[in-house]
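Asks: Before anything else, here's the structure in question.
The values are calculated or read from the model by the stated rules, or taken from the named source; none is laboratory data. All values derive from a computational prediction rather than experimental measurement. Please note: Cβ atoms are built from the backbone with ideal geometry, for glycine as well, and neighbour counts cover all protein chains shown.
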Amino acid sequence: MFGRILGYEILDNKVKINFSNNIEAKVEIINSEIINFFVPIFKKEQKSKAIENLKCVETKFTVESLDNFINIKTNTLEIKIYDEFKVDIYNNQGKLICADYREERNPYVKNTAGRIDIALQEGHKPNEHQEYKVFIPKCMEDNMYFYGFGEKTGHLNKKGYHYKNWNTDDPSPHGETYDKLYKTIPFFITLKEEESFGIFFDNTFESDFDLGKENANYYYFAAVDGNIDYYFIYGPTIKKVIKGYTYLTGTTPLPQLWSLGYQQSRWAYCPDTNVYEIANKFREKDIPCDTIHLDIEYMDDFRVFTWDKEKFKNPTKMISDLKNDGFKIITIIDPGVKVDKGYKIYDEGLKNGYFATDKNGITYTNWVWPGHSVFPDFSNTEVRNWWANNQKIMMDYGVSGIWNDMNEPASFNGPLPNDIKFNEDGNIVDHKEIHNAYGHLMSKATYEGIKKETNKRPFVITRACYSGTQKYSTVWTGDNQSTWEHLRMSIPMLMNLGLSGLSFCGTDVGGFGFDTTKELLSRWVQVGAFTALFRNHTSIYTRDQEPWAFDKDTEDIYRKYVKLRYKLLPYIYDVFKSGEVTGLPLMRALLLEHQDDEETYEINDQFLVGENILVAPVVEQGKKARMVYLPRGSKWIDYWTKEILEGGQYIIKSAPLDTCPIYIKEGSIIPNYPDIKYVGEKDIDILTIDVYRGDKDTSSIHYQDNGEDFDYKDGKYNLYKFDMNNKESLEFDINITHNGYNKFYKGYEIIFNNFVAKEVLIDEKEVEFSVLSGNTIINVNETECKIVLN
Ligand code: GLC
């Protein structure tokens, strides 16, 4: 296709390479570790929906034309470009880490027994080997692992599998073989012998990843159309790859604190009396809850931005009453706008040409919840601004966040044809180019509208998305089912979402489709309590799955884990705050923190919360014990029994139904809140600090702000630094290293686990303390101090 290399030209940080077949490829040095490869085979312009305001870092690099290749060198990488735009990438020790595959595609042979269509009669379909316009094969190597890819079924490591990116709404059970879901995150991370790199394939068309399924000698990424446009992101640590990827596409911004609390949903709480009833029940049952979601039934015949005033007589009053009791209301808003003359949103959109059209310019309609519906053209800035301004309608009612659903976009009357037209700010583009970014663009509009209207950190949830959506929205994994298989699969799915930049993610706790069981719900809440988005949601026609829907035992277990979540809120918030800079998720695959421990590379059923808490939930019916792997390199403390265990071993942990095995890394300093019913119920004057002494000195930073708006960007926050020195005595220092928010803790309750003190000094003065079950507990009335335990 490309032909021979004719020459090159350097332009700022770009190397433009000319090939004999009249093709110009661009290699752009974003920084010494991130390289973009771009060839305009579809459109001249390089326009990304995921990357906004990309800043290239001034980077030293050299370019040389050698025998049969062009050699580009940064401090970290050596990139060799050959004829046919074949690319090989070496690390700075001269080791080849990513090589283009040069042979012809050679799919595995399918045994058809000489007959093609016999199996079709019973409904079996063969996998077609697709032809692509963009096809980038790379050499597969032994011991290679693949992670990321956003929301995909199956296991943590994707080697040997094939996945598709075409945002799809299909409520049938998503099994392991299901190759496409609601989201397109064309980004993956490879790991081999502790060295890692990532590839972000910035192409919104239908695309595929094949990780050695087609042929074990190569893996590929490919798309049916669009440009060659991909970023190579070097590690060698996975953390650095994620940092690089989120440098390009953005990190998850710090959310409002309440949105990290517990959220209750179902299709659908309706009418208003039902919403009050649910809210009251939470308070009566002493189960913390911050948020209640209103599904489509609150609308007037599913017209978005309206209320059914029969069922919700006075939404403003209802929302305000609930707010007084600490509840925030989230309302669902779908993209499909009901075709209905006289309905403001439809009339305005139609008058201004804001809806997608067919190829003749006629407004395109399909069928969604409201019946005949039209689809806002979110690729257009004016339409996005209009949609953003419409958020005011809901904000004026007092709604606290918006749930964007059905934005693949879903359509009940067959899929939107590929050639439906969108007007991307003057360029007419086809649905096939916009489809995978539709949900992303909708969330962006929603985020911007809420931000403008409230000046608070917007809370948006979306089902469909593209790379970069993390800047605007949280995500949930769509219509899962109340099955053990889906509970099991949610763990690698969420870990991979986290590795793909989407930190704020969760599944429908209890499962959406089918009826949950009390055992399944009890185990699911033990996972949900540690996922960033902690929402129980279920479908219409399914049995109730609120915490109290079964019996007292189930309710008690549920309460235990929701309370644990609230206890850990300051820790979770800290992880989010640092994630805003690092791009790292809350829920982490073990390998992210333990890349030097190969044993962690394929652990599907355990995860870390931040770097300090390891969770090993039970995800099988009837199981009362499980095997747990404790990563190498440190000791781990059983959260429930305080038993100290060596890392680098498998243990068997007994786990009756009310026990989720949890382990804390030695040296951890974990901030805890007291018992609260919801965020903001009371000022947190006394912070509890849960301390797990280790062999090494450790320190940690705790962050505090008003939990709501953007004041923190102007320095209105506090940072508390905790230092623990484990010498002859145990020393614990508390210092404020940033002082910008006017509410400080008045004191602390510090629990030194597994340490029996004989004497405690605070700022050299002896103080009283207590010892309980082998742990020393100290109450401190200072904001900054030095504590010594002998
Ligand atoms: C879709 C959503 C689900 C929602 C339902 C009704 O199936 O995925 O969460 O409850 O639509 O709005």
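Asks: Do you know which residues across the stretch 72-96 are in a strand (DSSP E or B) and closer than 18 Å to Lys192 by Cα?
Replies: Residues satisfying the conditions are Leu77, Asp88, Ile89, Tyr90, Asn91, Leu96.
Asks: Quick one: in the stretch 157-210, of everything that is over 19 Å from Phe37 (Cα atoms) and aromatic (Phe, Trp, Tyr), which residue is nearest to the ligand (Cβ to nearest atom)?
Replies: Taking the candidates together, the pick is Tyr182.
Asks: Could you identify the single residue in Gly449, Gly478 that is small (Gly, Ala, Ser), within 19 Å of Ile333 (Cα to Cα) and out of contact with any helix residue (DSSP H, G or I) (no Cβ under 9 Å at 6 or more places or on another chain)?
Replies: Gly478
Asks: Let me ask something additional. For Thr365, work out the one condition from (1) in the same structural domain as Val475 (by TED's automatic domain parsing); (2) surrounded by fewer than 21 Cβ atoms within 10 Å (Cβ to Cβ); (3) of a type outside the set (Gly, Ala, Ser) it doesn't fulfil.
Replies: With (1) in the same structural domain as Val475 (by TED's automatic domain parsing); (2) surrounded by fewer than 21 Cβ atoms within 10 Å (Cβ to Cβ); (3) of a type outside the set (Gly, Ala, Ser) applied to Thr365, the lone miss is (1).
Asks: Within the stretch 14-68, how many residues turn out to be closer than 29 Å to Lys183 by Cα and either outside any strand (DSSP E or B) or free of Cβ contacts under 8 Å to residues at least 12 places away in the same chain (or both)?
Replies: The total comes to 18.
Asks: What are the pairs, 6+ residues apart or on separate chains, where a residue within the stretch 635-651 that is farther than 18 Å from Glu611 by Cβ has its Cβ under 6 Å from a residue that is assigned to a loop (DSSP other than H, G, I, E, B) and not basic (Lys, Arg)?
Replies: Between residues of the stretch 635-651 that are farther than 18 Å from Glu611 by Cβ and residues that are assigned to a loop (DSSP other than H, G, I, E, B) and not basic (Lys, Arg), the close pairs are Lys642/Asn754.
Asks: Does the stretch 510-532 hold any residues that are over 22 Å from Val575 (Cα atoms) and either touching a residue at least 40 places away in the same chain (Cβ under 8 Å) or not in a helix (DSSP H, G or I) (or both), and which are they?
Replies: Gly510, Gly511, Phe512, Gly513, Phe514, Asp515, Thr516, Thr517, Glu519, Leu520, Ser522, Arg523
Asks: Across the stretch 152-166, what is the number of residues that are in a strand (DSSP E or B) and among the aromatic types (Phe, Trp, Tyr)?
Replies: The number of residues fulfilling the criteria is 1.
Asks: Just to be sure, is Val374 crowded, with 19+ Cβ neighbours inside 10 Å and within 29 Å of the chain's Cα centre (by Cα)?
Replies: No, not satisfied.
Asks: Among the residues of the stretch 510-529, is any buried (at least 23 other Cβ atoms within 10 Å of the Cβ), more than 30 Å from Glu193 (Cβ to Cβ) and basic (Lys, Arg)?
Replies: Looking for residues that are buried (at least 23 other Cβ atoms within 10 Å of the Cβ), more than 30 Å from Glu193 (Cβ to Cβ) and basic (Lys, Arg), one finds at least one in the stretch 510-529, hence yes.
Asks: Please note which strands (runs of 3 or more DSSP E) are completely contained in the stretch 546-651 and include at least 2 residues that are in contact with a Phe, Trp or Tyr (Cβ under 6 Å, 6 or more places away or on another chain) and not assigned by TED's automatic domain parsing to the domain that holds Leu497.
Replies: 613-615, 625-630, 636-638
Asks: State which residue pairs qualify: first residue modelled with pLDDT of 95 or more and inside the stretch 380-403, second residue aromatic (Phe, Trp, Tyr) and surrounded by fewer than 22 Cβ atoms within 10 Å (Cβ to Cβ) in any location, beta carbons under 7 Å apart, and separation of 6 or more residues or different chains.
Replies: Pairs found: Asn390/Phe305; Ile393/Phe305; Met394/Phe305.
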